[in-house]
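What follows is a set of notes on a single structure, which appears directly below.
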Amino acid sequence: MLNSPLRVPRPQLFKYVEAVRTAPYINLIYIEPAIDSAAWELLKTREDKAWSLVDSTSFIVMQQLRIKDALTTDHHFEQAGFIRLLKSE
């Protein structure tokens, strides 16, 4: 995000990131080694999918927190059994 393809000035990006980091309704999750390892294992077992490490890490965290709905347009979340709330046209 800090290398914005939209050419958003860095000070504006920092304000946005700080707003996200301090919002009381957003829970930041820092990835622990066990989650990272589980995400890598998931990638290895699903070589048929074009999932990224970020995708598989998200899937592991969502499974652990029993989150079913994903606010994303990424169809990989549906492949992993989640409900994709945003459909790209």
Practice prompt. Count, please, the residues in segment 19-47 that happen to be free of Cβ contacts under 8 Å to residues at least 12 places away in the same chain and either of a type in the set (Asp, Glu) or in contact with a strand residue (DSSP E or B) (Cβ under 9 Å, 6 or more places away or on another chain) (or both).
Written response: 3
Fill in: Enumerated helices (runs of 4 or more DSSP H) restricted to segment 1-78, each holding at least 1 residues that are surrounded by fewer than 11 Cβ atoms within 10 Å (Cβ to Cβ)
10-22, 33-45
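Kindly establish whether residue 87 is basic (Lys, Arg) and modelled with pLDDT of 95 or more.
Working: basic (Lys, Arg): yes; modelled with pLDDT of 95 or more: no.
Criteria not met by residue 87.
The values are calculated or read from the model by the stated rules, or taken from the named source; none is laboratory data. Values in this document were obtained by computation on a predicted structure and should not be read as measured data. For neighbour counting, all protein chains shown are included, and Cβ atoms are generated from backbone atoms with ideal geometry for every residue, glycine included.
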